[in-house]
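Q: Structure in structure tokens, see below.
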Amino acid sequence: MRHLPTRTTRRGVVGALAAGLLALSGLSAPALATPAADPAAPALDDGLALTPPMGFNNWNSTHCRAEFNEAMVKGIADIFVEKGLKDAGYEYVNLDDCWALPQRDANGKLVPDPVRFPNGIKSVADYVHSKGLKFGIYTSAGTKTCNSAGFPGALGHEYSDARQFADWGVDYLKYDNCNNQGVDAELRYTTMRDALKAASQETGRPIVYSICEWGQNKPWEWAADVGHLWRTTGDISDDWGSMLSILKKNLPLAPYAGPGHWNDPDMLEVGNGGMTDTEYRTHFSMWSIMAAPLLIGSDLRSASDETFDILGNREVIAVDQDPLGKQGTVVSSERGRWVVAKEMKDGSRAVALFNETGSPQRISTTARAVGLPAADAYTMRDLWQHKSYNTAGAISATVPAHGTVLVRVSADTKWAKHPPAVELGLDGGQLIESGKPTALTTSVTDLGRTPAKRVSVSLSGPAGWTVKANSPTSAGALPSGRSLRTKWTVTAPPDTEPGSYGVTLKATYRSPTGARVQSVLPLTASVVTAPPAGMSQLGDLPWLGAANGWGPVERDTSNGESAAGDGNPLTINGVVYAKGLGVHAESTVEYYTGKACETVTAQVGVDDEEGEEGSVAFEVWADDTKAASTGVLTNAQPAQAISADVRGAQVVRLVVTDGGDDITSDHADWADAQLSC
């Protein structure tokens, strides 16, 4: 995220200062309530949001465009019913910003935009309710909402607006943080809590309360008795880097989540087109294991079948909606290989094996490590493949780049009725130079308590590729813990263009009962070109992959905003650089160097386009070794030289971290970045 729409003061602002600021802005101080003093106050005891809310919000797909209107909202409600999303648990159809006119009426009431909503908001809410669904709306805890047009916010109008929402039939309020006049966040959000409670008592309309102050004031520490959910981060965008940075910030907050009070890492981007289906499955898996609200952010009227398959996966949804209400916790995260486990009410564990990196990785843990009791064997259910296996205790998989394997594991006495789990593995061969034979080794490992019998393995590539086995591809039986390892040579035709190509590893075997089982591991092989000899500007070379915290990585310009090509000249502390890369923390850019290069050099720092904001740290990695790094750099500092010895590395990674204080305004430049080969 580039920056937050506005700045709020921290919780230390006292009530007197808040009242003074309101007086200066012409607002009435008495409308604001004093927050409860007990920091250990319990969650709201109103029976709402006992599991994370599920539904739809239009913002990610439409923003304030004209297509956001009554017909769209009603169409989404229809699709919820027609496509089975309602039956899967989705219930809220929520409006975001831009539903109102820019001015209140003569009585201070909010006025729906008559072009977008010609029949008014209550009519839309009634339609949504007629489908057996619930209806949500948006406003801001400031004088205006976040849109640049400046629609009316609720600061100073909390009780009137809450009553108006209840009268319209609103079931859910998203309460944003723009134009807040510097008033203490806890004060503002507590006032609306009290207003919603009063409106509910007067009308009988309970309203789920979603606090959206972007995590600036650590609401997880004070909002359990204020709202039902609170944003923990800035806005998500539809790209891998944004989703990843938000995921990493939300994961450590597990102790604060539970029934009626949830960490909210923002809405789902699944189906909006900026990520692959593999990345969207990771997005949905990780939001579910974090017990996050599942608010669809794509326009379902044009969604693909794959999007509906992801959003409608009831076994994954069941992880999110488990009534115990635990958020998953990190078991391990070494080198981007994440294991996250979530305790379930029935005693099982949901386990996500998540691969942050740009290449397939073996990720493993055990039943004991994720909190299950000792047992002879366990049942392991793959929630995306919808298949059950037995395991002797190992929970392991080779996970594709940016992918997630999500399983549910239990100490089940009926484990023997399931076939043994097998793990497919791959060593080497993911980077291929066209026309050059590349060696790799595959493995098929029995993780189960029972043997896998009549095992065979095959490897296939694109049409025209040569794939040759150099060792046995079958075995009569694999006892528990044993592997079939096969050596292969893969050759892409000499005229193969650089890029990503699908390769499939497949194993078939028989369970002890004689049932035939097939396991498939889809992989991606990258056809690469060795960098030229001599000195090259990294901004001129093709990269293997790039992830960015906000928008795309830019060549020879700063990060700019979220669109491609919207950056400015690379500028660090007033010095302009013609060549380099403009990124935004958290960021990774990978280059194939083919063990033929020697050094990476650059001038690095925070770009001037964010003024005095931003702090980052730079790292250069040679394969799995950190070859160079800086300390935390800020906008006040001149560019710092960085030099890394990358001899013998097949892949070089340029990494920018957030400096330890979130990614707001973290625009970073790899200026004059050069590779010597």
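Q: Here are some residues: 200, 210. Which one is touching a Pro at 6+ places or on another chain (Cβ under 9 Å), closer than 25 Å to residue 160 by Cα and surrounded by fewer than 21 Cβ atoms within 10 Å (Cβ to Cβ)?
A: Just one listed residue meets the conditions, 200.
Q: I'm trying to understand the selection: among the residues of region 645-670, which are surrounded by 24 or more Cβ atoms within 10 Å (Cβ to Cβ), hydrophobic (A, V, I, L, M, F, W, C) and part of a strand (DSSP E or B)?
A: 652, 654, 656, 668, 670
Q: Still on this structure, I have one more. Can you work out which of the residues in region 480-523 that are in a strand (DSSP E or B) and among the small types (Gly, Ala, Ser) is surrounded by the most Cβ atoms within 10 Å (Cβ to Cβ)?
A: This residue is 507.
Q: Looking at the structure I just gave you, is residue 328 over 21 Å from residue 287 (Cβ atoms) and not β-branched (Val, Ile, Thr)?
A: no
Q: Now, a different point. Quick test of your reading of the structure: residue 464 fulfils all but one of (1) in contact with a strand residue (DSSP E or B) (Cβ under 8 Å, 6 or more places away or on another chain); (2) surrounded by fewer than 21 Cβ atoms within 10 Å (Cβ to Cβ). Name the failing condition by number.
A: Failing condition for residue 464: (1).
Q: Which of the residues that make up region 164-206 are under 20 Å from residue 142 (Cα atoms), in contact with a helix residue (DSSP H, G or I) (Cβ under 6 Å, 6 or more places away or on another chain), of a type outside the set (S, T, N, Q) and in contact (Cβ under 8 Å) with a residue 60 or more places away in the chain?
A: Passing the criteria: 182, 183, 184, 187.
Q: Name the residues in region 601-631 that are under 25 Å from the mean Cα position of the chain (by Cα), closer than 19 Å to residue 549 by Cβ and either of a type outside the set (Val, Ile, Thr) or part of a loop (DSSP other than H, G, I, E, B) (or both), would you?
A: Answer for region 601-631, where residues must be under 25 Å from the mean Cα position of the chain (by Cα), closer than 19 Å to residue 549 by Cβ and either of a type outside the set (Val, Ile, Thr) or part of a loop (DSSP other than H, G, I, E, B) (or both): 610, 613, 614, 615, 617, 618, 619, 621.
Q: Residues to consider are 185, 106, 149; find the one that is buried (at least 24 other Cβ atoms within 10 Å of the Cβ) and small (Gly, Ala, Ser).
A: 185
Q: Have a look at 304, 348, 333, 288 and point out the one that is within 30 Å of residue 654 (Cβ to Cβ) and of a type in the set (Gly, Ala, Ser).
A: Just one listed residue meets the conditions, 333.
Q: Tell me yes or no: at least one residue of region 293-300 is modelled with pLDDT under 95 and not assigned by TED's automatic domain parsing to the domain that holds residue 444.
A: No, region 293-300 has no match at all.
Q: Considering only region 578-600, how many residues are assigned to a strand (DSSP E or B), buried (at least 19 other Cβ atoms within 10 Å of the Cβ) and not charged (D, E, K, R)?
A: 11
This table checks each residue for (1) out of contact with any strand residue (DSSP E or B) (no Cβ under 7 Å at 6 or more places or on another chain); (2) modelled with pLDDT under 95; (3) buried (at least 23 other Cβ atoms within 10 Å of the Cβ).
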| residue | (1), (2), (3) |
| --- | --- |
| 350 | no, no, yes |
| 366 | no, no, no |
| 374 | yes, no, no |
| 378 | no, no, yes |
| 385 | yes, no, no |
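The values are calculated or read from the model by the stated rules, or taken from the named source; none is laboratory data. Treat the numbers as computed from the prediction; the structure is a model and nothing was measured. Positions of Cβ are generated from backbone atoms using ideal geometry, with glycine treated the same way; all protein chains shown enter the neighbour counts.
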